[in-house]
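The structure under discussion appears below in the form of structure tokens.
The values are calculated or read from the model by the stated rules, or taken from the named source; none is laboratory data. Computed from a predicted model, the values in this text were never measured in an experiment. Cβ coordinates were reconstructed from backbone atoms using ideal geometry, including for glycine residues, and neighbour counts include every protein chain displayed.
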Amino acid sequence: MDTFGVFKVSASALEAQKKRMNVIASNMANANSTRTEEGGPYKRKDVVFSSVLMEQAPVELEGVEVVDIAADNTPGKTIYDPGHPDADENGFVQMPNVNIVEEMTNMMMALRAYEASVSAFNISKTMFMKTLELTRQ
Amino acid sequence: MDSFKTLEQLIHFTGMRHGVLTSNIANADTPNYKAKDMNFTQALDAELDLKTTGPGHIGNSVEGSQGQISAEASASWEDGNNVEVDMEVAKMTENAMLFQTAVSLLETKIRMFKTALRR
């Protein structure tokens, strides 16, 4: 049994949500990137969360980790802009499949989850400090 | 001396439940994760072993089951996850209060013993 197991669980959640935040930030930054190293417009990325068993006894403590950063392959918008350097012979440009509203919503969800884990972390800390006060008796 | 044991059990159970609730909050966005909780009243009832000597007394209502952990049956979101973060934070606060109450009581108990020993 790890005395401070709960802190690791909260920390894993904070780390995972931060990674999600980073991915969302790159999606938003690349909302108009029509060129990438792989060729074609930017494809939005998504994190894949998975629970990971951190402690078996006395209770199962399950943390979370990012197991994959997957690309979303749905096609993006095609806009007509003949002056664009990446326009095809008909004047159409393939845009990334990033939807700013969707990214903002995801960002708010990540923020809420992050805040909840911070609260959990603080509550754990208060509980431990309270127990430590017993030694001052 | 019995209340020492009761308080110890209470601290033990609230500590374990805290771990379960922390896991729920950490996995608030994990697909197919199901929220878990500990059945706590049953465990405590079994531990308290209340004696009844009259018909109007309230004794142990439930038998056994030492703090069982069960998955919550509430409806899932589209991704198969059924964690409601607000609920979990509320439960965790309540649980932490109970934990702190038990520790405070233990503190008082120890102080009482020390006072008695000093006389």
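General remarks:
- Residues that are over 22 Å from A:VAL47 (Cα atoms) and either among the small types (Gly, Ala, Ser) or surrounded by fewer than 12 Cβ atoms within 10 Å (Cβ to Cβ) (or both), drawn from the range A:84-117: A:PRO85, A:ALA87, A:ASP88, A:GLU89, A:ASN90, A:GLY91
- Verdict on A:THR135 being surrounded by fewer than 14 Cβ atoms within 10 Å (Cβ to Cβ), β-branched (Val, Ile, Thr) and within 15 Å of the chain's Cα centre (by Cα): no
- Of everything listed in (1) at the interface with chain A (Cβ under 10 Å from one of its Cβ atoms); (2) closer than 24 Å to B:GLU8 by Cα, the single unmet condition for B:VAL85 is (2).
- Single match in B:GLY64, B:GLY80 (criterion: in a loop (DSSP other than H, G, I, E, B), at pLDDT below 90 and within 16 Å of the chain's Cα centre (by Cα)): B:GLY64
- Check on A:LYS43, surrounded by 14 or more Cβ atoms within 10 Å (Cβ to Cβ), in contact with a strand residue (DSSP E or B) (Cβ under 9 Å, 6 or more places away or on another chain), over 30 Å from B:ASN24 (Cβ atoms) and of a type in the set (D, E, K, R): yes
- In the range B:26-42, of all residues being assigned to a helix (DSSP H, G or I) and at pLDDT below 90, the one that is nearest to the other protein chains (Cβ to nearest Cβ) corresponds to B:PHE40.
- Failed item, numbered, when A:VAL59 is tested on (1) within 24 Å of B:ALA90 (Cβ to Cβ); (2) part of a loop (DSSP other than H, G, I, E, B); (3) in contact (Cβ under 8 Å) with a residue 40 or more places away in the chain: (3)
- Taken together, the residues in the range A:80-103 that are touching a residue at least 12 places away in the same chain (Cβ under 8 Å) and in a helix (DSSP H, G or I) amount to 2.
- A:VAL6 being closer than 26 Å to B:MET38 by Cβ and either facing chain B (nearest Cβ under 10 Å) or not in a helix (DSSP H, G or I) (or both): yes
- Scanning the range A:15-40 for residues being at the interface with chain B (Cβ under 9 Å from one of its Cβ atoms) and under 16 Å from B:SER23 (Cα atoms) gives a total of 2.
- Filtered residues of the range B:11-38 (kept if in contact (Cβ under 8 Å) with a residue 24 or more places away in the chain and among the aliphatic types (A, V, I, L, M)): B:ILE11, B:MET16, B:VAL20, B:LEU21, B:ILE25, B:ALA28, B:ALA35, B:MET38
- Considering the range A:54-83, and only residues there that are surrounded by 14 or more Cβ atoms within 10 Å (Cβ to Cβ), hydrophobic (A, V, I, L, M, F, W, C) and under 22 Å from A:THR3 (Cβ atoms), the residue that is farthest from the other protein chains (Cβ to nearest Cβ) turns out to be A:MET54.
- Some residue of the range A:102-112 being away from chain B (no Cβ under 11 Å) and either closer than 30 Å to B:ARG111 by Cβ or more than 16 Å from the chain's Cα centre (by Cα) (or both): no
- Condition check for A:VAL48: outside any helix (DSSP H, G or I) and within 11 Å of chain B (Cβ to nearest Cβ): yes
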